[in-house]
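Shown next, in structure tokens, is the structure this report addresses.
What follows draws every value from the coordinates through simple rules; no lab data is involved. This one's a predicted model, so the numbers in the text were calculated from it and none came from an experiment. Because the Cβ atoms are built from the backbone with ideal geometry, glycine has one as well, and the counts that use them run over all protein chains shown.
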Amino acid sequence: MNAKKPVKLMDLVDEIEMKMDDTYTYINSITGEVITLSREEIGAAEDEMSLERFPEWQRENIERAMQILEDEDGIYVDFTLRNDFNEYKLMEDFIGALEDEEIREKLSEEIQGRGAFRRFKDYITEHDVDKQWYAYKERKLKEFVIEWCKEHDIEIRT
């Protein structure tokens, strides 16, 4: 068997950042490649649809989906973590870590109810703590991915 190649840390962080609802992400544990497939592509592979029904650009992904579905050697690891990473909780933790009490209190109010994410982003930009937020979020995402990879015996490289 070939030696396993590590996965790029930022490829996995970027996948969590994108978090598109109708996509699924897999890691090829041999090559280190991160593969994103749409619900349609996986469905086509499950239903064994003819590739001619799909545009050329989508055929390769459907073939990959077939390989993943037929994977009996455990080469492909499911990295679809949309339910495992909670950005709202991360915002709450960030707010709790802020030194300025007035900003902490106002941000806590801003993230209540519908539109919380938009109000949060508007407020942090308006009060010049957006750079702190993005640095905090990236650090926490990296920690999350590193921990997940350790638990799943996936080697990463930075």
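Charges were assigned to the Cβ only: +1 to each Lys and Arg, -1 to each Asp and Glu. The resulting dipole of region 29-121 about its Cα centre is roughly 560 debye. The longest stretch of the chain left intact once loop-based GluC sites (Glu not before Pro) with at most 14 other Cβ atoms within 10 Å are removed from consideration, loops following DSSP, is 100-154.
In this Cβ point-charge picture (+1 for Lys and Arg, -1 for Asp and Glu), the chain has a dipole of about 380 debye about its Cα centre.
Under the simplified labelling scheme, the residue 131-residue 80 pair shows an inter-label distance of 3.9 nm, with each label point 7 Å from Cα along Cα→Cβ. Our coupling estimate for region 29-35, obtained by passing each phi through the Karplus curve with A = 6.51, B = -1.76, C = 1.60 and θ = phi - 60°, is 6, 8, 8, x, 6, 9, 10 Hz, Gly and Pro reported as x. Compared with the dominant Cα axis of the chain, that is its longest principal axis, helix 87-97 is turned about 30°. With R₀ fixed at 30 Å, the C-beta to C-beta distance from residue 10 to residue 52 puts the FRET efficiency at about 0.25. In percent, rounded to a whole number, the relative contact order of the chain is 30, using alpha-carbon pairs under 8 Å and six or more apart. Give me the percent of Cα-Cα pairs in region 7-82 that sit more than 20 Å apart, rounded to a whole number. In whole percent, the long-distance tail amounts to 31. Taking every DSSP helix (H) stretch of at least 4 residues in the chain, weighting each as -39,500 (n - 2.57) and dividing the sum by the residue count yields a mean residue ellipticity at 222 nm of -17000 deg cm²/dmol. The angle between the Cα long axis of helix 56-69 and the longest principal axis of the Cα atoms of the chain comes to about 90 degrees, rounded to the nearest 10. Computed from Cα atoms, the angle from the helix 116-126 axis to the main principal axis of the chain rounds to 60 degrees. With viscosity set to 1.567 mPa s and temperature to 4 °C, compute the Stokes-Einstein D of region 87-149, Rh being the Kirkwood radius across alpha carbon pairs; µm²/s, no decimals. For the chosen part, D equals 107 µm²/s.
When only alpha carbons are used to place a centre, region 106-143 and region 21-90 end up 31 Å from one another.
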